[in-house]
Amino acid sequence: MLLSAPAGPSGPPGPPGPAERVLPLRRPGRWVAGVVVLVLVSQAAHGLITNPFYQWDRFAYWFTRPVILEGLLITLQVAAYSAVLGLAGGVLLALGRLSGSPVLRSVSWTYIWLLRSVPLIVVLLFLYNLSALYPTLSIGVPFGPAFLTFDESRLATDMVVAVVGLSLSEAAYAAEIVRAGVLSVDQGQHEAAAALGLPKRYQFARIVFPQALRSIVPSYVNQLIGLLKATSLVFYVSLLDLFGSVQSLGSTYPGDVVPLLLVATVWYVILTSLVSVVQYYVERHYARGALRTPTPTPLQRARTGLRDLRIRYRKETAR
């Protein structure tokens, strides 16, 4: 930034004086902290690369093995099914909590309170042993005759138990996200929708819910990262997902436990990073209605930084 010298206190204003350059404030503490952090990060990276205990050659061998990729595919399937079913259940539970019926409010609150209080691993193990409590499942008149009867042990496969368990738990958390999103809509929008004389379901579907998505979607995408990591628990219901495959191979090849754990770590980091990228662009999309200027993407920030550096370099070389 360049400033012009002020005019004298008296007399006619003369020609502008030479421009004075404003020097940026020196921040030595920031430079010292940056150097210390770089040294520590370099030390950690050096130990990670040079320590033979990590066995990076075995890591490269296992990283794309078919058994690992099959476990990765099961992880993605469980996460995708649970995300869809959990969100659908969360919407129903949120509507129940916002309902004027005291029965629906009480039941929805109790479900959310209970499922958020019980650890996910307990829910999965309980469902896995459900056949001991209910050997058969039936469809019919409540407290009356049954029209269709199912063998629970055949119906509840390992995949079904994993998806149902994760969906039940995910619905409890999704319900609070959806409810918070609906409550974030301005009360005037509710009143305006009611003034139009639309039925309640149209008011919610056409006016309230689209505005609530601005708060719901970013929060739920963030919740998906936790769901993706929670899929590692399905190993305890005999489903060989990514972590289950690594655990099984580690028992067969005890000398490759660390490389196999690194394989699982890197794959989980890749998956959560992809979800984080999606979350960033979803947040940016839904922030367009609230911000006058959309947040620049990392690529736009890099271009702006390079342009500023180029302008600064030209100014320095022109002197």
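Values computed for the structure shown
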read-out: Long-range HN-HN contacts of Phe150 with modeled amide H, under 5 Å; value: Leu137, Ser138
read-out: In degrees, nearest ten, helix 158-184 long axis to first principal axis of the chain (Cα); value: 50 degrees
read-out: Local net charge near Ser131, Cβ-Cβ under 9 Å (Lys/Arg +1, Asp/Glu -1); value: -2
read-out: Contour excess over end-to-end distance, with Cα ends at Asn51 and Gln189 and 0.36 nm allotted per residue; value: 43.6 nm
read-out: Relative packing of peptides 128-138, 250-260 - highest average C-beta neighbours within 10 Å first; value: 250-260, 128-138
read-out: Centroid-to-centroid separation of segment 150-181 and segment 245-286 [C-alpha atoms, Å]; value: 22 Å
read-out: Using θ = phi - 60° and Karplus 6.51 cos²θ - 1.76 cosθ + 1.60, couplings along segment 112-128 (whole Hz; Gly, Pro as x); value: 5, 4, 5, 5, 7, 8, 8, x, 4, 5, 5, 4, 5, 5, 5, 5, 5
read-out: Taking the C-alpha atoms of segment 35-90, convex hull volume expressed per residue in Å³; value: 133 Å³
read-out: Rg to Rh, two decimals, where segment 188-319 supplies the alpha carbon set and Rh follows Kirkwood; value: 1.23
read-out: Size-normalised alpha-carbon gyration radius of segment 133-257, reference 2.2 N^0.38 Å; value: 1.60
read-out: Relative packing of peptides 215-228, 156-169 - highest average C-beta neighbours within 10 Å first; value: 156-169, 215-228
read-out: For Gly90, net neighbour charge (Lys/Arg +1, Asp/Glu -1) across residues whose Cβ lies under 11 Å away; value: 0
read-out: Convex hull of the chain built on C-alpha atoms - directionally averaged projected area, nm²; value: 31.2 nm²
read-out: Per residue, in Å², the accessible surface of segment 138-220 once ligands and nucleic acids are set aside, probe 1.4 Å; value: 58 Å²
read-out: Euclidean distance of C-alpha centroids, segment 203-231 and segment 111-139, integer Å; value: 25 Å
read-out: Carbon + sulfur, % of accessible area of segment 26-86 - ligands and nucleic acids excluded, 1.4 Å; value: 72 percent
read-out: Mean separation of Cα contacts under 8 Å (6+ apart) over length of segment 177-279, as relative contact order %; value: 26 percent
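The values are calculated or read from the model by the stated rules, or taken from the named source; none is laboratory data. In this text, all values refer to a predicted model and were calculated from it rather than measured experimentally. Heads up, the Cβs are rebuilt from the backbone with ideal geometry, glycines too, and the neighbour counts pull from every protein chain shown. Only protein heavy atoms, including side chains, enter the accessible area calculation; ligands, DNA and RNA are left aside. Shrake-Rupley method; radii C 1.70, N 1.55, O 1.52, S 1.80 Å.
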